[in-house]
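Right, one structure below, let's go through it.
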Amino acid sequence: MGSNILVTGGAGFIGSHTVVALSEAGFNPVIIDDFSNSNASVLAGLRDILGRDVPCYAEDCNQYNLLRKILHENRIEGVIHFAAYKAVGESMQEPLTYYRNNLGSLITLLDAMLAEGVSNLIFSSSCTVYGDPDTPPVTEETPIKPPASVYGNTKQIGEEIIRDVCQAKSLKAVSLRYFNPIGAHPSAAIGELPKGVPNNLVPYITQTAAGLRPELTIFGGDYPTPDGTCIRDYIHVMDLAEAHVSALRHTLSYPETRYYNTFNLGSGKGHSVMELVLLFEKISGLALPSRIGERRAGDVMAVWADVQKSANMLGWKTKRTLEEALQDAWRWQQKLNNL
Ligand code: UDP
């Protein structure tokens, strides 16, 4: 029998794919998700993929007594903490909502874990901690920059809180700095479900191709990059999910009782917005309506990951191509819209 792992936010985009990866690796995931930014249909998708129900608490994870009960009753050995609000723009308008939810729930979770003696934690962080890097790729030693948003600040402060707790208490934790997760499970049983108009590039592309949006606006065509558009490190969500399994094995087997580390999770390669649009057109056989618009405030020009440390210490690297990620994202969108 594998270890029981609590996945907070396990019905969300990255959380649900990680539940699949955990199950396939022999762990027993238990979800807690308040469904404020996810949909109960995800549970049916997980059942389709895994052939069984995944236990799920439909609850806010900022509840100390409840968390203790869940950790205790399920004999949880590790926690993967995804549950957080993630809309950058909204975080600027509602800072307290973001600090209360993202940091409040983290502190509550840490308190409950320490009280129950659960000593392994994987935290969802973000490459936003690097800000606009002078010379990509960024390594984990690249100095972190003042955050450009309240959302980004919750990730920076979250990392610091965990680091400090690991120095003082019996806790082994890693923060995983995600680059740009895209794609969906290849079965199209689960995928990304953006609320309203998507902020992210790939759901915007697939919704435009599905006829839900009239055209894609490419935010800025005059950056000093080879084709004038921004460069990011796109990673297939299943590769990202599998990295959580590697990170969990890493902390579970780590011989000390106090341990903290950070890892970049990306493909290690940068691709421009224009490259993504052209590749999507190639794999879908569609002409994607698009135009170059203004730059988006707060966007960095170019960032991609140095993934050497993750490869060396976690024994993990990406297996899937950008083409597969776009294909899987498009298959998921077609299924959603019965195309
Ligand atoms: N982008 C774009 N049009 C859109 C959404 C995004 O041109 O409708 C660009 C954005 O400027 C950035 C890249 O796509 O260069 C990835 O943006 P996304 O919001 O997906 O992720 P971010 O890197 O901002 O976290």
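Could you work out Rg/(2.2 N^0.38 Å) for segment 187-335, with Rg from alpha carbons only? Please list the in-between numbers first.
Working: Rg = 17.4 Å, N = 149, 2.2 N^0.38 = 14.7 Å.
Working it through for segment 187-335, the quotient is 1.18.
By its C-alpha gyration tensor, with a ≥ b ≥ c as the square roots of the eigenvalues, how is segment 207-257 shaped: rounded for a/c under 1.5, else prolate for a/b larger than b/c, else oblate? Walk me through the numbers on the way to the answer.
Details: a/c = 5.40, a/b = 2.13, b/c = 2.54.
Verdict is oblate for segment 207-257.
Take the chain, compute every pairwise Cα distance, and split them into 20 Å bins from 0; I just need the percent in each bin.
32, 60, 8
Taking square-rooted eigenvalues a ≥ b ≥ c of the alpha carbon gyration tensor, is segment 72-130 rounded, prolate or oblate, where a/c under 1.5 means rounded and, failing that, a/b exceeding b/c means prolate? It would help to have the intermediate numbers written out before the result.
Values: a/c = 3.07, a/b = 2.00, b/c = 1.54.
Prolate is the answer for segment 72-130, as a/c is 1.5 or above and a/b outweighs b/c.
Mind checking the alpha-carbon convex hull of segment 112-235 and giving the volume per residue in Å³? The partial results should precede the final answer.
Details: hull volume 21.4 nm³, N = 124.
Dividing the Cα hull volume of segment 112-235 by its residue count gives 173 Å³.
Expressed as a whole number of Å, what is the distance separating the alpha-carbon centroids of segment 61-113 and segment 316-337?
A separation of 29 Å, based on Cα centres.
Give the lysines reachable from Lys86 as a straight Cα distance under 16 Å; neighbours fewer than 8 places away on the same chain don't count.
Those lysines meeting the cut-off are Lys155, Lys195.
Applying a 10 Å radius around every beta-carbon, put 223-235, 147-159, 248-260 in order of their mean neighbour count, most first.
Values: 223-235: 19.1, 147-159: 20.7, 248-260: 15.4.
In decreasing order of mean packing, 223-235, 147-159, 248-260 become 147-159, 223-235, 248-260.
Just to confirm a number: summing +1 for Lys and Arg and -1 for Asp and Glu over residues other than Ser23 whose beta-carbon lies under 14 angstrom from that of Ser23, what do you get? Show your work: numbers first, answer last.
Working: positive: Arg47, Arg52; negative: Glu24, Asp48, Asp53, Glu242.
So the environment of Ser23 carries a net charge of -2.
By the gyration tensor of its Cα atoms, with a ≥ b ≥ c the square roots of the eigenvalues, what is the shape of segment 135-199: rounded for a/c under 1.5, prolate for a/b over b/c, or oblate? Write down the numbers at each step before the final one.
Working: a/c = 1.98, a/b = 1.60, b/c = 1.24.
It is prolate, given that a/c is not under 1.5 and a/b is the larger ratio.
Please report Rg (one decimal) and Dmax (integer) in Å for the Cα set of segment 1-151.
Cα only, segment 1-151: 16.4, 48 Å (Rg, Dmax).
Across every pair of different alpha-carbon atoms, what Kirkwood hydrodynamic radius in Å does segment 243-322 reach?
Working: mean 1/r = 0.0627 Å⁻¹.
By the Kirkwood definition, the hydrodynamic radius is 15.9 Å.
What 222 nm value per residue comes from the helices of the chain, counting each DSSP H run with n ≥ 4 as -39,500 (n - 2.57) and dividing by all residues, nearest 500 deg cm²/dmol? Please report the intermediate quantities before stating the final value.
Values: 11 runs with 126 residues, N = 339.
Counting only the DSSP helices, I get -11500 deg cm²/dmol.
Using unit Cβ charges (K, R positive; D, E negative) and no other charged atoms, how large, in debye to the nearest 20, is the dipole of segment 28-154 about its Cα centre? Walk me through the intermediate numbers first.
Working: 8 positive and 16 negative charges, 44 e Å.
Dipole size: approximately 200 debye.
So, with +1 on the Cβ of K and R and -1 on the Cβ of D and E, and no other charges, what is the size of the charge dipole of segment 1-93 about its Cα centre, to the nearest 20 debye? List each step's numbers first, then the result.
Details: 6 positive and 10 negative charges, 33 e Å.
Charge dipole, segment 1-93, about its Cα centre: 160 debye, nearest 20.
Please report the projected area of segment 11-69's Cα convex hull averaged over all directions, in nm². Can you show the working numbers first?
Values: hull surface 16.3 nm².
Answer in nm², one decimal: 4.1.
Any read-out appearing in this document is the output of simple, stated calculations on the displayed coordinates, not a laboratory observation. Computed from a predicted structure; not experimentally measured. Heads up, the Cβs are rebuilt from the backbone with ideal geometry, glycines too, and the neighbour counts pull from every protein chain shown.
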